[in-house]
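Reviewing the structure listed below.
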Amino acid sequence: MKNKASKNVMIDASRIITEALVQSGADVFVGYPITPSNLFYTYSKERFPEFLAGPDEISVLQWMCGYSAAGKIPVTATAFPGLALMTETLNMAYMMELPMVLIITQRLGPSTGSATTGAQGDLKFLDGIISGGFPLPIFSPSNFNDAWTLSNEALKTAVKFRTPVIILTSKELVMTQKSFDMSSLEPLEKVDRTPKEFKFPFQPYKAGLDMVPTFYPLGNDEYQVRFNSSTHDNEGLIRKGTPESLANTWRLREKLEKRIDEYSFFELDAENGAEDLIVTWGVSADASRDSVNSIRGKGKKVSLLIVKTMLPISQKIYDIIDSYKTITFAEENMTGMFKEMIFGKRTTSKIKTATKFGTMLTPSEIEEKVN
(Lines give C-alpha, C1' and ligand atoms only; values in the text may rest on other atoms or scores of the structure.)
Protein backbone atom coordinates (compact mmCIF):
# COMPACT_ATOMS: atom_id res chain seq x y z
CA MET A 1 0.00 0.00 0.00
CA LYS A 2 1.51 3.32 -1.09
CA ASN A 3 1.82 6.15 1.37
CA LYS A 4 -0.44 9.08 0.65
CA ALA A 5 1.30 12.16 -0.70
CA SER A 6 1.67 14.93 1.87
CA LYS A 7 -0.60 17.93 1.49
CA ASN A 8 0.65 20.67 3.78
CA VAL A 9 -1.54 23.76 4.02
CA MET A 10 -1.98 26.70 6.37
CA ILE A 11 -5.24 26.03 8.20
CA ASP A 12 -7.12 26.50 11.47
CA ALA A 13 -9.43 24.13 13.35
CA SER A 14 -12.53 26.13 12.39
CA ARG A 15 -12.19 24.92 8.82
CA ILE A 16 -11.31 21.37 9.87
CA ILE A 17 -14.33 21.07 12.18
CA THR A 18 -16.62 22.59 9.56
CA GLU A 19 -15.45 20.18 6.88
CA ALA A 20 -15.67 17.19 9.24
CA LEU A 21 -19.28 17.99 10.14
CA VAL A 22 -20.29 18.44 6.51
CA GLN A 23 -18.62 15.18 5.48
CA SER A 24 -20.35 13.45 8.41
CA GLY A 25 -23.75 14.52 7.12
CA ALA A 26 -24.70 17.75 8.90
CA ASP A 27 -27.35 19.52 6.80
CA VAL A 28 -27.59 23.13 7.86
CA PHE A 29 -25.61 25.78 9.72
CA VAL A 30 -27.65 28.35 11.62
CA GLY A 31 -25.51 31.12 13.03
CA TYR A 32 -25.17 34.51 14.62
CA PRO A 33 -21.60 35.87 14.43
CA ILE A 34 -19.63 36.23 17.65
CA THR A 35 -15.90 36.40 18.36
CA PRO A 36 -14.01 34.04 18.46
CA SER A 37 -16.44 31.76 16.54
CA ASN A 38 -16.69 34.00 13.48
CA LEU A 39 -14.66 31.73 11.21
CA PHE A 40 -17.23 28.95 11.61
CA TYR A 41 -19.82 31.40 10.31
CA THR A 42 -17.63 32.25 7.32
CA TYR A 43 -16.59 28.72 6.40
CA SER A 44 -20.05 27.25 6.93
CA LYS A 45 -21.54 29.68 4.42
CA GLU A 46 -19.18 28.11 1.85
CA ARG A 47 -19.56 24.44 2.80
CA PHE A 48 -22.94 23.59 4.30
CA PRO A 49 -25.80 22.53 2.00
CA GLU A 50 -27.92 25.19 3.69
CA PHE A 51 -26.96 28.29 5.68
CA LEU A 52 -29.16 30.63 7.70
CA ALA A 53 -28.13 33.87 9.40
CA GLY A 54 -30.16 34.28 12.58
CA PRO A 55 -31.12 37.69 14.02
CA ASP A 56 -29.94 36.64 17.50
CA GLU A 57 -28.79 33.57 19.42
CA ILE A 58 -32.23 32.75 20.82
CA SER A 59 -33.69 32.55 17.32
CA VAL A 60 -30.72 30.47 16.14
CA LEU A 61 -31.42 27.60 18.51
CA GLN A 62 -35.17 27.83 18.00
CA TRP A 63 -34.65 27.45 14.27
CA MET A 64 -32.29 24.53 14.90
CA CYS A 65 -35.01 22.77 16.87
CA GLY A 66 -37.36 23.13 13.91
CA TYR A 67 -34.78 21.75 11.51
CA SER A 68 -33.97 18.83 13.80
CA ALA A 69 -37.64 17.94 14.28
CA ALA A 70 -37.95 17.90 10.48
CA GLY A 71 -35.16 15.33 10.21
CA LYS A 72 -32.15 17.56 9.54
CA ILE A 73 -28.96 17.78 11.60
CA PRO A 74 -28.32 21.47 12.39
CA VAL A 75 -25.07 23.01 13.61
CA THR A 76 -24.21 26.35 15.18
CA ALA A 77 -21.13 27.98 16.70
CA THR A 78 -21.00 30.56 19.47
CA ALA A 79 -19.17 31.70 22.61
CA PHE A 80 -20.31 32.10 26.21
CA PRO A 81 -22.54 35.19 25.77
CA GLY A 82 -24.40 33.46 22.94
CA LEU A 83 -24.56 30.17 24.83
CA ALA A 84 -26.11 31.95 27.80
CA LEU A 85 -28.95 33.16 25.57
CA MET A 86 -29.36 29.68 24.06
CA THR A 87 -29.62 27.87 27.40
CA GLU A 88 -33.42 27.80 27.70
CA THR A 89 -33.85 26.46 24.18
CA LEU A 90 -30.99 23.99 24.66
CA ASN A 91 -32.94 22.52 27.58
CA MET A 92 -36.00 22.32 25.35
CA ALA A 93 -34.05 20.49 22.64
CA TYR A 94 -32.63 18.11 25.26
CA MET A 95 -36.08 17.23 26.60
CA MET A 96 -37.51 16.82 23.10
CA GLU A 97 -34.50 14.61 22.23
CA LEU A 98 -33.51 16.53 19.12
CA PRO A 99 -30.12 15.76 17.52
CA MET A 100 -27.94 18.82 16.90
CA VAL A 101 -24.35 20.02 17.37
CA LEU A 102 -23.24 23.22 19.11
CA ILE A 103 -19.64 24.42 18.79
CA ILE A 104 -18.61 26.54 21.78
CA THR A 105 -15.41 28.57 21.43
CA GLN A 106 -14.18 29.51 24.89
CA ARG A 107 -12.94 33.03 25.59
CA LEU A 108 -12.02 34.96 28.72
CA GLY A 109 -14.95 35.82 30.98
CA PRO A 110 -17.01 36.67 32.97
CA SER A 111 -19.74 38.22 30.83
CA THR A 112 -18.37 39.57 27.55
CA GLY A 113 -14.90 39.51 29.13
CA SER A 114 -12.21 39.66 26.49
CA ALA A 115 -13.46 38.38 23.15
CA THR A 116 -9.97 37.91 21.71
CA THR A 117 -8.37 36.20 24.72
CA GLY A 118 -8.60 32.44 25.06
CA ALA A 119 -9.60 30.48 28.14
CA GLN A 120 -10.97 27.17 29.38
CA GLY A 121 -13.63 28.68 31.57
CA ASP A 122 -16.95 27.26 30.36
CA LEU A 123 -16.68 23.66 31.54
CA LYS A 124 -18.45 23.95 34.90
CA PHE A 125 -21.24 26.02 33.37
CA LEU A 126 -21.80 23.25 30.85
CA ASP A 127 -21.77 20.65 33.64
CA GLY A 128 -25.01 22.12 35.00
CA ILE A 129 -26.51 23.66 31.89
CA ILE A 130 -29.35 21.11 31.74
CA SER A 131 -31.69 21.68 34.67
CA GLY A 132 -31.96 18.76 37.08
CA GLY A 133 -28.40 17.48 36.79
CA PHE A 134 -28.81 15.75 33.44
CA PRO A 135 -25.61 15.09 31.45
CA LEU A 136 -24.90 16.65 28.08
CA PRO A 137 -22.23 15.01 25.87
CA ILE A 138 -19.25 17.34 25.52
CA PHE A 139 -16.24 16.67 23.30
CA SER A 140 -13.08 18.80 23.52
CA PRO A 141 -10.44 18.48 20.77
CA SER A 142 -6.80 18.93 21.79
CA ASN A 143 -5.34 19.35 18.27
CA PHE A 144 -6.28 19.37 14.58
CA ASN A 145 -6.56 15.57 14.36
CA ASP A 146 -8.99 15.58 17.28
CA ALA A 147 -10.92 18.39 15.64
CA TRP A 148 -11.52 16.08 12.67
CA THR A 149 -12.33 12.82 14.45
CA LEU A 150 -14.25 14.25 17.41
CA SER A 151 -16.49 16.32 15.15
CA ASN A 152 -17.50 13.10 13.43
CA GLU A 153 -18.05 11.41 16.80
CA ALA A 154 -20.09 14.37 18.03
CA LEU A 155 -22.48 14.07 15.11
CA LYS A 156 -22.66 10.28 15.49
CA THR A 157 -23.49 10.70 19.18
CA ALA A 158 -26.18 13.29 18.48
CA VAL A 159 -27.95 10.91 16.09
CA LYS A 160 -27.33 7.69 18.02
CA PHE A 161 -28.57 9.06 21.34
CA ARG A 162 -31.06 11.66 20.07
CA THR A 163 -29.45 14.52 21.93
CA PRO A 164 -27.77 17.89 21.51
CA VAL A 165 -23.98 17.54 21.64
CA ILE A 166 -21.35 20.19 22.31
CA ILE A 167 -17.89 20.52 20.74
CA LEU A 168 -15.94 22.62 23.27
CA THR A 169 -13.08 24.49 21.59
CA SER A 170 -10.87 27.48 22.33
CA LYS A 171 -9.89 30.72 20.65
CA GLU A 172 -6.32 29.55 19.98
CA LEU A 173 -7.36 26.27 18.38
CA VAL A 174 -9.98 27.66 16.00
CA MET A 175 -8.41 31.02 15.07
CA THR A 176 -4.68 30.26 14.85
CA GLN A 177 -3.44 28.95 11.53
CA LYS A 178 -0.49 26.62 11.24
CA SER A 179 1.01 24.28 8.67
CA PHE A 180 -0.80 20.95 8.71
CA ASP A 181 -0.69 17.83 6.56
CA MET A 182 -4.26 17.31 5.41
CA SER A 183 -3.40 13.86 4.01
CA SER A 184 -3.23 12.63 7.62
CA LEU A 185 -7.01 12.96 7.89
CA GLU A 186 -9.06 9.97 6.76
CA PRO A 187 -12.24 10.57 4.73
CA LEU A 188 -15.42 10.48 6.82
CA GLU A 189 -18.63 8.63 6.04
CA LYS A 190 -22.02 10.20 6.51
CA VAL A 191 -23.83 9.14 9.65
CA ASP A 192 -26.65 6.67 8.99
CA ARG A 193 -30.00 8.22 9.94
CA THR A 194 -32.22 5.31 8.90
CA PRO A 195 -34.93 4.89 11.57
CA LYS A 196 -34.16 1.84 13.67
CA GLU A 197 -36.58 -1.01 14.19
CA PHE A 198 -39.12 -0.79 16.99
CA LYS A 199 -41.88 -2.83 18.54
CA PHE A 200 -45.33 -1.88 17.21
CA PRO A 201 -47.36 0.19 17.76
CA PHE A 202 -45.16 3.23 17.16
CA GLN A 203 -44.92 5.62 20.09
CA PRO A 204 -42.64 8.64 19.56
CA TYR A 205 -41.01 8.36 23.00
CA LYS A 206 -41.13 4.61 23.56
CA ALA A 207 -37.57 3.35 24.02
CA GLY A 208 -36.21 -0.19 23.78
CA LEU A 209 -33.27 -1.75 25.59
CA ASP A 210 -30.91 0.88 24.18
CA MET A 211 -32.97 3.57 25.99
CA VAL A 212 -33.29 5.72 22.83
CA PRO A 213 -36.68 6.12 21.06
CA THR A 214 -36.86 5.56 17.32
CA PHE A 215 -36.69 8.91 15.50
CA TYR A 216 -39.17 9.79 12.78
CA PRO A 217 -39.31 13.41 11.59
CA LEU A 218 -42.34 15.65 11.46
CA GLY A 219 -44.20 15.28 8.19
CA ASN A 220 -43.23 11.68 7.54
CA ASP A 221 -45.83 9.58 5.71
CA GLU A 222 -45.85 6.61 8.10
CA TYR A 223 -46.36 7.63 11.72
CA GLN A 224 -47.79 10.40 13.83
CA VAL A 225 -44.96 12.19 15.59
CA ARG A 226 -45.02 14.45 18.66
CA PHE A 227 -42.14 16.41 20.17
CA ASN A 228 -42.72 17.69 23.70
CA SER A 229 -40.43 19.62 26.03
CA SER A 230 -42.71 19.19 29.05
CA THR A 231 -42.83 16.02 31.13
CA HIS A 232 -44.49 13.52 28.80
CA ASP A 233 -45.45 9.89 28.36
CA ASN A 234 -44.43 7.52 25.57
CA GLU A 235 -47.03 9.05 23.25
CA GLY A 236 -45.50 12.48 23.75
CA LEU A 237 -48.50 13.75 25.70
CA ILE A 238 -48.02 15.98 28.75
CA ARG A 239 -48.30 13.94 31.93
CA LYS A 240 -47.44 15.29 35.35
CA GLY A 241 -45.76 12.78 37.63
CA THR A 242 -47.13 9.51 36.24
CA PRO A 243 -44.80 6.48 36.50
CA GLU A 244 -44.42 6.40 32.71
CA SER A 245 -43.67 10.11 32.33
CA LEU A 246 -41.17 10.13 35.21
CA ALA A 247 -39.48 7.01 33.81
CA ASN A 248 -39.24 8.77 30.45
CA THR A 249 -37.48 11.73 32.06
CA TRP A 250 -35.17 9.49 34.11
CA ARG A 251 -34.25 7.69 30.88
CA LEU A 252 -32.70 10.89 29.49
CA ARG A 253 -29.91 10.53 32.02
CA GLU A 254 -29.56 6.77 31.84
CA LYS A 255 -29.21 6.57 28.06
CA LEU A 256 -26.08 8.75 28.25
CA GLU A 257 -24.51 7.63 31.53
CA LYS A 258 -25.02 3.88 31.18
CA ARG A 259 -23.58 3.91 27.64
CA ILE A 260 -20.78 6.42 28.27
CA ASP A 261 -18.04 4.05 27.09
CA GLU A 262 -19.53 4.12 23.57
CA TYR A 263 -18.50 7.77 23.19
CA SER A 264 -15.81 8.30 25.84
CA PHE A 265 -12.47 9.25 24.28
CA PHE A 266 -9.13 9.95 25.92
CA GLU A 267 -5.41 9.65 25.25
CA LEU A 268 -3.21 7.95 27.86
CA ASP A 269 0.57 8.07 27.57
CA ALA A 270 1.44 5.80 30.50
CA GLU A 271 5.07 5.35 31.52
CA ASN A 272 5.87 2.15 33.42
CA GLY A 273 6.69 2.84 37.04
CA ALA A 274 5.43 6.43 36.99
CA GLU A 275 3.72 7.68 40.15
CA ASP A 276 2.92 11.14 38.77
CA LEU A 277 0.10 11.83 36.29
CA ILE A 278 -0.65 15.02 34.39
CA VAL A 279 -4.35 15.39 33.50
CA THR A 280 -5.28 17.93 30.85
CA TRP A 281 -7.75 18.73 28.09
CA GLY A 282 -8.30 20.95 25.08
CA VAL A 283 -5.83 23.71 24.30
CA SER A 284 -3.64 22.92 27.33
CA ALA A 285 -2.75 19.50 25.92
CA ASP A 286 0.15 20.63 23.73
CA ALA A 287 1.91 22.36 26.63
CA SER A 288 1.34 19.23 28.70
CA ARG A 289 2.84 17.02 25.99
CA ASP A 290 5.93 19.24 25.90
CA SER A 291 6.26 19.24 29.67
CA VAL A 292 6.12 15.43 29.74
CA ASN A 293 8.95 15.24 27.21
CA SER A 294 11.01 17.67 29.27
CA ILE A 295 10.37 15.87 32.56
CA ARG A 296 11.25 12.48 31.07
CA GLY A 297 14.37 13.96 29.49
CA LYS A 298 15.57 14.81 32.99
CA GLY A 299 15.12 11.23 34.19
CA LYS A 300 11.81 11.55 36.04
CA LYS A 301 8.93 9.22 35.21
CA VAL A 302 5.54 10.77 34.46
CA SER A 303 2.35 9.79 32.63
CA LEU A 304 -0.10 11.95 30.68
CA LEU A 305 -3.91 11.72 30.41
CA ILE A 306 -5.63 13.91 27.82
CA VAL A 307 -9.40 13.82 28.33
CA LYS A 308 -11.43 14.34 25.14
CA THR A 309 -14.96 13.45 26.28
CA MET A 310 -15.36 15.90 29.14
CA LEU A 311 -18.91 14.93 30.13
CA PRO A 312 -20.28 12.62 31.25
CA ILE A 313 -17.10 11.43 32.98
CA SER A 314 -16.37 7.77 32.34
CA GLN A 315 -15.45 5.46 35.20
CA LYS A 316 -12.29 4.69 33.21
CA ILE A 317 -11.09 8.26 33.83
CA TYR A 318 -11.60 7.87 37.57
CA ASP A 319 -9.80 4.50 37.54
CA ILE A 320 -6.77 5.93 35.72
CA ILE A 321 -6.53 8.90 38.10
CA ASP A 322 -6.90 6.67 41.16
CA SER A 323 -3.97 4.51 40.03
CA TYR A 324 -1.39 7.31 40.51
CA LYS A 325 0.16 8.74 43.65
CA THR A 326 0.06 12.41 42.61
CA ILE A 327 -2.06 14.14 39.97
CA THR A 328 -1.40 17.52 38.38
CA PHE A 329 -4.28 19.12 36.49
CA ALA A 330 -3.16 21.47 33.70
CA GLU A 331 -5.91 23.90 32.67
CA GLU A 332 -6.25 27.46 31.38
CA ASN A 333 -8.63 28.76 34.04
CA MET A 334 -8.45 30.14 37.57
CA THR A 335 -9.22 27.13 39.72
CA GLY A 336 -8.78 23.96 37.70
CA MET A 337 -12.37 23.30 36.68
CA PHE A 338 -11.91 19.71 35.59
CA LYS A 339 -10.03 19.06 38.82
CA GLU A 340 -13.00 20.43 40.76
CA MET A 341 -15.36 18.16 38.83
CA ILE A 342 -13.26 15.16 39.89
CA PHE A 343 -12.19 16.09 43.44
CA GLY A 344 -14.26 19.14 44.36
CA LYS A 345 -12.60 22.28 45.71
CA ARG A 346 -10.38 20.48 48.18
CA THR A 347 -6.61 20.42 47.65
CA THR A 348 -4.32 17.76 49.11
CA SER A 349 -0.69 16.75 48.68
CA LYS A 350 -1.89 14.28 46.05
CA ILE A 351 -3.76 16.87 43.97
CA LYS A 352 -1.98 19.75 42.26
CA THR A 353 -3.13 22.38 39.76
CA ALA A 354 -1.15 24.16 37.08
CA THR A 355 -3.52 26.92 35.98
CA LYS A 356 -3.34 30.19 34.06
CA PHE A 357 -5.81 33.03 33.60
CA GLY A 358 -5.62 35.44 30.69
CA THR A 359 -2.64 33.80 28.97
CA MET A 360 -1.78 30.30 27.82
CA LEU A 361 -0.23 27.79 30.20
CA THR A 362 3.44 27.03 29.44
CA PRO A 363 5.24 23.66 29.62
CA SER A 364 7.66 24.99 32.25
CA GLU A 365 4.77 26.04 34.52
CA ILE A 366 3.31 22.54 34.35
CA GLU A 367 6.71 20.97 34.96
CA GLU A 368 7.27 23.19 38.00
CA LYS A 369 4.00 21.98 39.57
CA VAL A 370 4.81 18.31 38.91
CA ASN A 371 8.21 18.67 40.51
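The values are calculated or read from the model by the stated rules, or taken from the named source; none is laboratory data. Not measured: the values here are computed from a predicted model. So basically every Cβ, Gly included, is an ideal-geometry build from the backbone, and we count neighbours across all protein chains shown. Heavy atoms of the whole protein, side chains included, go into the accessibility calculation; ligands, DNA and RNA do not. Shrake-Rupley method; radii C 1.70, N 1.55, O 1.52, S 1.80 Å.
A few points about this structure:
- For the chain, the longest principal axis of the C-alpha atoms and the axis of helix 38-47 are separated by about 60°.
- Rg over Rh, two decimals, segment 255-313 (C-alpha only, Kirkwood Rh): 1.08
- Of the accessible area of segment 132-226, computed with a 1.4 Å probe over protein heavy atoms only, carbon and sulfur atoms account for 52 percent.
- Probe 1.4 Å - accessible area at Lys190, Å² to nearest ten: 150
- Hydrodynamic radius by Kirkwood, which averages 1/r over all alpha carbon pairs of segment 220-273, in angstrom: 14.3
- Between segment 343-371 and segment 304-331, the alpha-carbon center distance in angstrom: 14
- For segment 51-90, the fraction of C-alpha pairs more than 14 angstrom apart is 40%.
- Spacing of the two label points (7 Å from each Cα toward its C-beta) at Lys199 and Glu222, in nm: 1.8
- Spatial extent of segment 142-239: Rg and Dmax, with the Cα atoms as the point set, Å: 18.5, 55
- Scattering curve values for the chain, log₁₀ I(q)/I(0), Debye with Cα scatterers, q = 0.08, 0.12, 0.15 Å⁻¹: -0.41, -0.91, -1.33
- Taken per residue, the accessible surface of segment 104-201 reaches 42 Å², heavy atoms only and a 1.4 Å probe.
- More than 23 Å apart - percent of Cα-Cα pairs taken over segment 65-157: 26
- Segment 181-233: Cα Rg divided by the 2.2 N^0.38 Å rule of thumb: 1.64
- Theoretical FRET efficiency, 1/(1+(r/R0)^6), r = Cβ-Cβ of Lys350 and Asp269, R0 22 Å, to 0.05: 0.65
- Spatial extent of segment 216-358: Rg and Dmax, with the Cα atoms as the point set, Å: 21.4, 67
- Long-range Cα-Cα pairs in segment 1-125 (distance over 20 Å), rounded percent: 46
- Cβ-Cβ FRET estimate between Thr112 and Glu50, R0 fixed at 35 Å, reported to 0.05: 0.70
- Size descriptors for segment 114-180 (Cα atoms only): Rg and Dmax, in that order, 13.5, 44 Å.
- Restraint check, Lys258/Lys352; Lys325/Lys369; Lys178/Lys352, Cα-Cα greater than 21 Å: Lys258/Lys352; Lys178/Lys352
- Per-residue SASA remark: Thr347, around 100 Å² accessible (1.4 Å probe; ligands, DNA and RNA not included).
- With Cα atoms, 0 to 90° folded angle of helix 144-161 axis to the chain main axis: 30
- Angle between the chain longest axis and helix 243-257 axis [Cα atoms, degrees, rounded to 10]: 30
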